1. In terms of Cα to Cα distance under 20 Å, which lysines are near enough to residue A:19, apart from those fewer than 8 places away along the same chain?
2. What's the exposure ranking of A:80, D:25, going from fewest to most Cβ atoms within 10 Å?
3. Using the eigenvalues of the Cα gyration tensor, what equivalent ellipsoid semi-axes result for region C:328-440 when each is taken as the square root of five times the eigenvalue, whole Å, largest first?
4. Nearest 500 deg cm²/dmol is fine: what mean residue ellipticity at 222 nm does the protein assembly as shown get from its DSSP H runs of n ≥ 4 alone, each adding -39,500 (n - 2.57), divided by its residue count?
5. Under 20 Å from a point placed 7 Å out from the Cα of residue E:15 along the Cα-to-Cβ direction: which residues of region B:118-161 have their backbone N that close?
6. Calculated FRET efficiency, residue D:277 and residue C:194, Cβ-Cβ r, R0 41 Å, to nearest 0.05?
7. Starting from the 7 Å offset along Cα-to-Cβ, what nm value, one decimal, do you get for the label separation of residue E:207 and residue B:63?
8. Picking from D:37, D:275, D:207, whose Cα lies most toward the positive end of the charge dipole for chain D (charges on Cβ: Lys, Arg +1; Asp, Glu -1)?
Amino acid sequence: MLQIDSLTKRFGSATAVDKVTVKVDRPIMIGIIGASGAGKSTLLRMLNLLERPTEGVITFEGRQVSGLTGRAARGWQAECAMIFQQFNLVPRMDVVSNVLHGTLYRAGTLRALTAMWPDADIRRAIDILARLGIEEQAAKRAEALSGGQQQRVAIARALMQNPKIILADEPIASLDPMNAQIVMQALRTIHEEDGRTVICNLHTLDTARRYCDRVIGMKQGRVVFDGTPEQLTTGVARDIYGADASFSEDATSTEIRDTTADAIREAKAAV
Amino acid sequence: MLQIDSLTKRFGSATAVDKVTVKVDRPIMIGIIGASGAGKSTLLRMLNLLERPTEGVITFEGRQVSGLTGRAARGWQAECAMIFQQFNLVPRMDVVSNVLHGTLYRAGTLRALTAMWPDADIRRAIDILARLGIEEQAAKRAEALSGGQQQRVAIARALMQNPKIILADEPIASLDPMNAQIVMQALRTIHEEDGRTVICNLHTLDTARRYCDRVIGMKQGRVVFDGTPEQLTTGVARDIYGADASFSEDATSTEIRDTTADAIREAKAAV
Amino acid sequence: MTDTTAAFTTARAGLRRSQLWIFGVPALVLAYLVYVFFAFDTPRVLAEADGENGAILLADMVSYKVHVTRDNGSGDVEYAIEGERKGRYPAGESPGWVTPATAPAGETLIDLGDSHLVRLFGEGGLRYDVPGYGVIEAKASRSGGVEASYPDGPLPDWINASGNRVAITTDAGRVNITRARTEVMRYFPGWELFFFTLDSPYSGLSFGQLAAAAFGGEAGAIWSDFWNNDMWRHKEVVWAIFETILMAFIGTAGAALIALPTAFLAARNFAPLGIFRQATRRLYDFLRGVDGLIWTVILSRAYGPGPLTGALAIMFTDTGTFGKLFSEALENVDEKQIEGVRSTGAGPLARARYGVIPQIVPVLLSQVLYYLESNTRSATVIGAITGGGIGLLLTQAIITQKDWEEVTYYIILIVLMVFLMDALSGWLRRRLISGGGATD
Amino acid sequence: QELDEFNIGVLGGENAQDRMTANQCLADYASEALGVPVNIFTPADYNGVIQGLLGGTLDMAWLGASSYAAIYLQDPEAVTPVLVKTNLDGSFSYHSIGFARADSGITSLEDMEGKVFGFGDPNSTSGYLIPSVEIPQSGESITMEPGEYFEDVVFTGGHEQTIVAVNNGDVDGGVTWADGLGNWEDGYNSGALRKASDAGIVDMNDLVEIWRSKPIPEGPVVLRTALPEDVQATMVELVETLHETDPDCAYGVAAGETAGFQPISHEAYETIVEVRQREIGG
Amino acid sequence: MTTATIHDSYLAEVRTRRLWSSVAALLFVLLFLGGFMIADERNAGGFWPGIPHILDFPADVLAEASEQWRSLPGLIAEAFPALIETVNIAGASTLIGGLAGAVIALLVTRGLAPAPWAVAPLRRLLDILRALPELVIALVLIFVLGGGPIPAMIAIALHTVGALGKLFSEVAENASLRPVEGLRSVGATWSQRMMLGILPQVAPNWLSYALLRFEINIRASAILGFVGAGGIGYDLRNAMSFGPGKFAEAAAIFVLLFATIVIVDQTGSALRNRLTKGAAT
Ligand SMILES: Nc1ncnc2c1ncn2[C@@H]1O[C@H](COP(=O)(O)OP(=O)(O)OP(=O)(O)O)[C@@H](O)[C@H]1O
Ligand SMILES: Nc1ncnc2c1ncn2[C@@H]1O[C@H](COP(=O)(O)OP(=O)(O)OP(=O)(O)O)[C@@H](O)[C@H]1O
Ligand SMILES: [Mg+2]
Ligand SMILES: [Mg+2]
């Protein structure tokens, strides 16, 4: 389905992503882990064509997407939605508008600029927001929302694109543990219910283990691990993070145990 | 030596300082404590003539200073230096220039306006900085220094005035514990070595106990305690702060115990 | 799912509300522009816009013409660049494309290039061979006016003929015949005589030859011939530029020097007396509200024409501007620093010097330097009315419509001058404000 | 009082630089004769020179008759007329010429009804004052009030601008000055039309004369009244004899071939002063 | 470093600093006084002799205006249409210049520019537009288009493009790129990214700058009237040139123009304060 072939990205003399080859043959949820600077973001950004690869090829369902430009490139971007660590919403616009931006590729420029969204789209946007439990916020400005809510708006925008693939670049890095849970659960549910492929950069091992079907470890631009969560032992993790003996998983954990359990249950119910 | 006679200050209908009478007959180090709004700052500001008393008299060595105006008032200000919680330096000027401002009363108008300080004054300023252990910063801008260093520059400016009395209004309130120690120790050393009277507003009991020879407690503008640190029991403190039974000294403590002991020793050596 | 209906309704209502802006603002803008379009009578102006003028202007900016003028009374022929006295060829000399008559009343052959040949005969005669059209013959006389004959067919629009005057304009040049004079003009690209006038020995020399002459000890003479060039008058132009910058500099600096002390009177925290403060502020408003150009007119009675008048006009307006800016900066100063200085027993002047000035210096300098640059432009405009300087040269050159290449020259110099002042003020700003300390 | 410099104001009509150059020789002679520095000023409009003379910052100028009247009306003591330019034929007058584009079909003032009329500078004699008085006299219904006989009456700013405005069709007709001698197609012997035609700005074939004023007296050379007697005398003699001592210089100062300058006094301008006072007030 | 070396190095530093400060101060004083003397020298009237006469001209105007104060309201009403024209010139040129400036600003802002190769030439273009005084452009355009408000409007608009283009781009440079990237990831075109991602962020500041420009442009358009384009400046100049007899008219026009400038100034700065403060919160 999705095939990444020795994808490389160099910034000047520095190599951010180094001959990465990954094959995804059915919709699964993939977690990418690695230390800061390992190249996770760059890889995802190349998949979304936000960054042009220096070398290598990305193919999706037999079609080469890495070389696309202009409208074709934007078409591919519409098919593989991206979720960012900082949400990247338009803060001064309301939530529905932000979600409706997911239809920008299809909508004509005029329609987008004049906010002449079809009622059907608005209805769908609200439904998606409802699915994520934030339909009440629909008319508020995005900047008025909490971080966790904003990230769910970003997910809603992604869903609005009706994408085959959802890319998420450390979607929970700037969230508190409770909101992190809600967001990860939402992504998982989307994967399970809609059958969309989700590729998710994560900076914590336990999150990757808990939500992903497959984990890819990166180090200095290269893929150094690719397997199931079970195969991801502490030893392997040490390799990936290049950590010395003092490496402790807890240091990176975002797991919540007692206090917020109720909240999580609620959130799951909502999604 | 210094005599304060039923000094009163009213701001509109509010009485900030209420018939305060204090007699100081030899150079000692006095700590003034009291809750926020007790009138500590106002009292000190009246002593420095930054504020005019509504009633009452301040006498120093037989001379009444509270009614002074014009050049005579400025002469008295030069004799009783003031140190502020926020340092009140000129941040864009270098450290030595800030210290040299201590000579502004003596300097002729022309010299003061053209900043043509005599070499001897510059040398003395640097010596004072050396005494406070910050001579290395002499040429830097004041704003480039840390809070503790800036407060020492303020003390240096005060010393440059060669004052009989040093007034310090919560000199350590915006400093971290380690810098607080250094600054208080510097004031103590100045008192001990130069025999200057130091009157110091403090917001923590233990600091007052540790560094002062005499403690004055204020409450709602009135002096409610005046005695030695030993006489300042927790019960008395409760009276001063108007605290209920839950009052705990630790809550206001800035004492440092283990970690910074070395640093303090160093700092003491430097002063 | 009843919830989502409510959410849908509010969301859609919100979107509709935002559309009020999205459509309303552009509609208002458009409506206003349409109103202005008709209020300014744009259709008529566009219809009458003279493309030809534009073309003349563009052509004249980068080209010059050489006049061959015959006095039809005396028969004397003169050659002059741009037809000006100062561009006249010395007696006995003529441009290479003219074959002068050998005998009085003989034939003068003028080659306008591209096979356009004009012949001047005795007794006011002229014959112009226009390739692709035919031969035009004309004869000018006191009694008969200008009699001309043209090839058959209707008269083309590039010939403008009346009983007393015939004007022919072709791609190669222009011919004007009246009873008194016959003029033939040929156009050449470039700014002729920019460096040296024809009477200079250095006219027409190549760069190499000039360099050689300069090394041969004639550098001074070469410079003098260039500097005193009668056509382009580089010396006066440079003086004019200097005068313009002078007006801007004195105006700006003087305004800052006046505004700095007086701004204290207009700042709430330094002037407790309300009447004074209000009076000063209103004075600033007045000085600022009357534009510099109007000040120039007002001052011209007392000071007459000249750069001082312009400088004073700039000073008047900018004292108002700076006074307002400085007093606002003064109202925002941090009291703590002033109190710190005050607690040492410093007098009021020292308090201002050390407690206040260091705080407002960055604002002050950056504003003053910004205005220095913008006043260079104002000085150009003010100079156009009274002051003098490059603005006067430029407006006069444009109004009298003589030489667009001079206009171009002045415009280029003005742009360079403003660039220079912009760079200078930027450089000073960076140095003085970040480098700080030195002036404190 | 002691004279420490002598300032000459030169009216518009030419490039500022050209005006400077044309009058530089006079400045040199004056400087030699007076023994003080002599400066030439070329303000952009008539008012610049008027204000300079009124304020006493200019000492000498060659004015138009109306400008002289403007000064006289504000301060009769400010300046004294001393000399006037004489034409080659011995006259010292010129004309205000009304003109229009030939292809507009306008050939007389009657055709100008409902059209836009252009004046030059408000202080110009031929470009405003005289035509504003004489034109209404030439027809029953003609007034100078905008919107009455003419659709609009505008000031273009100067003679050159009027010519360009008429030529471009911005105004339908306008007035400017000419000596009225010689041929129309040359723009007459001297005047603003001649200059514009010589410069190639207009083709005289495209323009027609639609009106001509009675002769207008040339404006006087004036000196500031407060100048010391001897200075006035020196300058009068210098300009009066310039034609003999340096014909080239005289050509430049008088802006063309002339028969030199002749003495004149205020009486010659009393009519103009009256007219101006009636028309404009003051 | 010992205290002694600190003494020496600081004293040395103080000396060089003093030297430079005195050199700079001296240079400034010399430039200023020298320049002043040159200007005084080259002026027709001297600075000191002129001072007592500064008010002569305004006094003449005021004298006549107060004599004829009854006619002032009528004269003001008469000048009103010209004022409208002046304001319209400023309004239209600010709008047109602001719109063009906005587009160019986006084209030359680092991180937003769709065609990086066009950034440098466009920036130079803005510089040149800014450097050219309106007057220069207006005079050239009057030659081509004839007199009236349009040349003035175009001239001011061109200058406005240069001035606002630069300011707008400075504002846009500080805008957050996150919304833009978010929009890019959904496949939005450049214009969509700008309109939806940047415009909402920069609108308050842009508007505030445009308002300031409008204030400046009102003056500019009045001034251009002075040199031949229409509007109230033309009337004012003629009235002033006529001198006595028209001074009441001059005073009326002046009052009207001054009042307009002050009103626009005051409301403009109040509006701007609200806009920028509103943006901050
Ligand atoms: N636009 C760029 N220009 C130059 N270097 C870049 C750029 N973007 C990324 N890099 C470099 O490429 C390398 C990989 O960066 P990347 O952001 O992909 O890492 P990451 O794994 O996402 O790290 P993090 O966890 O910090 O987000 C880093 O060394 C980074 O400095
Ligand atoms: N300039 C002033 N105008 C009006 N009221 C004032 C002024 N300065 C102080 N006060 C009031 O006087 C009272 C005493 O204030 P003061 O600052 O002296 O107290 P303090 O003991 O220093 O308190 P803190 O610990 O908060 O500094 C307070 O109620 C304060 O609000
Ligand atoms: Mg990353
Ligand atoms: Mg206090």
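All of the numbers you see were taken from the coordinates with simple rules; none came from a lab. Everything numeric here is computed off the predicted structure, so don't read it as measured data. Neighbour counts are summed over all protein chains in view; Cβ atoms, including those assigned to glycine, are modelled from backbone coordinates with ideal geometry.
1. A:9, A:40, A:219
2. Working: A:80 26, D:25 17.
Least to most surrounded, the residues fall as D:25, A:80.
3. On the way: eigenvalues 393, 41, 15 Å².
Ellipsoid half-lengths, sorted descending, are 44, 14, 9 Å.
4. So the helix-based figure for the protein assembly as shown works out to -15500 deg cm²/dmol.
5. Under 20 Å, as judged by backbone N against the label point of residue E:15, lie B:118-127, B:138-140 of region B:118-161.
6. On the way: r = 50 Å, r/R0 = 1.22.
The pair residue D:277/residue C:194 has a calculated efficiency of 0.25.
7. Inter-label distance under the simple model: 6.2 nm.
8. D:275
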